[in-house]
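Structure record follows, encoded as structure tokens.
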Amino acid sequence: MISRRMDKIDSSGIRKVFNLSKEMKNPIDLSIGQPDFDVPDRIKEEAIKAMRDGFNKYTKTEGIPELRKRIAKKLKEENNIQVSPDNILVTSGVSGGLLLAFNALLDKGDEVIIPDPYFVMYKHLVNFIEAVPRYVDTYPDFGLDIDRINRAINKKTKVIILNSPGNPTGNVYSKEELEQIRDLAKEHDLVIISDEVYEKFIYEKAYFSIGSIYEKTITLNGFSKAYAMTGWRIGYAAGPLEIIQEMAKLQQYSFVCAPSFAQKAALIALDCDVSEHIKRYKEKRDLVYAGLKDHFHVQKPKGGFYIFPEVNKNLSATEFVKKAIENNVLIIPGNIFSEKDTNFRISFATSNDIIEKGVEILNEISTS
């Protein structure tokens with residue numbers, strides 16, 4: 001009864017760990033990829049007002065005009081991306097935007113360049129629509145190696161997907177790296193999909209969007225991480241009109257529209273200051289890195305709220321994670337995000353106390 005395409009994807013390994021946490025007694029949970037703070041009250045109040053005012057029906061597939069206009073303003077002022085509201089589609093989260101973009105752009109056999117490690121969804125969605133993922137190794141520092149990417153490109157290549165700040169690595173691509181990717185994409189007439197959902201979580205240099213220098217970029221962003229609106233399913237895509245229109249056409253027959261009340265709330269979110277949360281997360285980043293660096297080979301994250309240490313003994317990451325779970329610590333094995341099984345992901349989107357307890361146990365496992 002089941003279609004063959006379902007064989008192309010597996011149940012999310014992250015969800016398997018989430019389900020496991022329900023069976024454990026008070027686990028030290030370093031697995032969850034969502035903020036540990038709540039949605040700001042101003043945003044919640046606007047959502048409640050919208051529902052009470054009767055704003056509960058379908059909206060235009062593309063999203064409410066005032067939100068698309070406000071997103072265009074945000075992109076111009078914060079990202080130097082010049083787009084009209086017509087070039088913006090409000091989506092059901094960045095995940096919804098990814099599904100729409102891949103389906104609008106890719107045919108069977110088309111190839112997608114994916115830097116490895118990668119967000120788990122990229123691999124499975126590309127396989128699901130019978131396109132071909134081409135992984136480009138970025139170990140050990142998780143930067144973009146232009147020569148490796150160039151060697152992976154061929155006549156079937158159509159898309160390069162970028163995620164910065166990255167999940168699971170926390171790496172942030174520099175302006176210089178992105179300029180090199182821009183030149184390569186232009187040479188081969190490729191589309192770039194830039195997943196920027198962790199954009200606000202930047203701890204070092206100012207953020208740089210490749211959409212500001214390459215017009216064939218689909219910029220994906222949303223409200224789940226910066227504003228803790230993970231369950232509200234609200235995001236957006238911005239890019240070339242021809243592609244956005246095709247994504248909107250598909251949205252008509254799938255998601256229909258993003259949640260109406262969440263669109264109203266997103267208008268308020270774009271004017272909310274989350275800098276204090278970002279400051280706290282930088283402190284958490286420093287805490288987890290300082291705790292791990294003497295026991296693991298680990299890159300200091302430049303953004304996001306993940307760190308991706310390497311297992312430094314004769315164990316695979318999966319075996320190490322099993323030992324961690326036996327010690328009541330929940331982390332995610334790196335082979336969920338990679339073609340390698342050498343690293344594991346920690347989310348430091350939790351309390352400092354939990355971070356310290358988890359790091360102490362992981363260090364003990366590493367030296368045992």
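The values are calculated or read from the model by the stated rules, or taken from the named source; none is laboratory data. Quick caveat, the model's predicted, so the values are computed rather than measured. Quick reminder, even Gly has a Cβ in these numbers, built from the backbone with ideal geometry, and neighbours come from all protein chains shown.
Go through the range 166-215 and give me each residue that's touching a Pro at 6+ places or on another chain (Cβ under 6 Å) and β-branched (Val, Ile, Thr).
Of everything in the range 166-215, those that are touching a Pro at 6+ places or on another chain (Cβ under 6 Å) and β-branched (Val, Ile, Thr) turn out to be THR169, VAL172.
Please work out which residue is surrounded by the most Cβ atoms within 10 Å (Cβ to Cβ), limiting yourself to the range 225-253 and to residues that are among the hydroxyl-bearing types (Ser, Thr, Tyr) and either touching a residue at least 40 places away in the same chain (Cβ under 8 Å) or within 15 Å of GLY93 (Cα to Cα) (or both).
Here the residue is TYR236.
Of all residues being buried (at least 22 other Cβ atoms within 10 Å of the Cβ) and free of Cβ contacts under 8 Å to residues at least 40 places away in the same chain in the range 312-342, which is nearest to PRO117 (Cα to Cα)? Just the residue, please.
Across the range 312-342, the extreme among qualifying residues is ALA317.
Hey, can you tell me all the residues within the range 46-77 that are without any contact (Cβ under 8 Å) to a residue 60 or more places away in the chain and either in contact with a Phe, Trp or Tyr (Cβ under 7 Å, 6 or more places away or on another chain) or among the acidic types (Asp, Glu) (or both)?
ASP53, GLU77
For ILE114, are the conditions met, namely being crowded, with 22+ Cβ neighbours inside 10 Å, under 21 Å from TYR173 (Cβ atoms) and not assigned by TED's automatic domain parsing to the domain that holds ASN343?
Yes.
Please specify each residue of the range 308-354 satisfying the condition of being aliphatic (A, V, I, L, M) and assigned to a loop (DSSP other than H, G, I, E, B).
VAL311, LEU315, ILE331, ALA349
Scan the range 48-103 for residues that are in a helix (DSSP H, G or I), closer than 30 Å to ILE114 by Cβ and among the small types (Gly, Ala, Ser) and jot them down.
Those that are in a helix (DSSP H, G or I), closer than 30 Å to ILE114 by Cβ and among the small types (Gly, Ala, Ser): ALA72, GLY93, SER95, GLY96, GLY97, ALA101.
Would you mind telling me which numbered condition in (1) surrounded by fewer than 19 Cβ atoms within 10 Å (Cβ to Cβ); (2) under 21 Å from the mean Cα position of the chain (by Cα) GLY222 fails?
Here GLY222 meets the rest and fails (1).
Would you mind telling me which numbered condition in (1) in a loop (DSSP other than H, G, I, E, B); (2) among the hydrophobic types (A, V, I, L, M, F, W, C); (3) touching a residue at least 24 places away in the same chain (Cβ under 8 Å); (4) more than 23 Å from SER84 (Cβ to Cβ) PHE208 fails?
(4)
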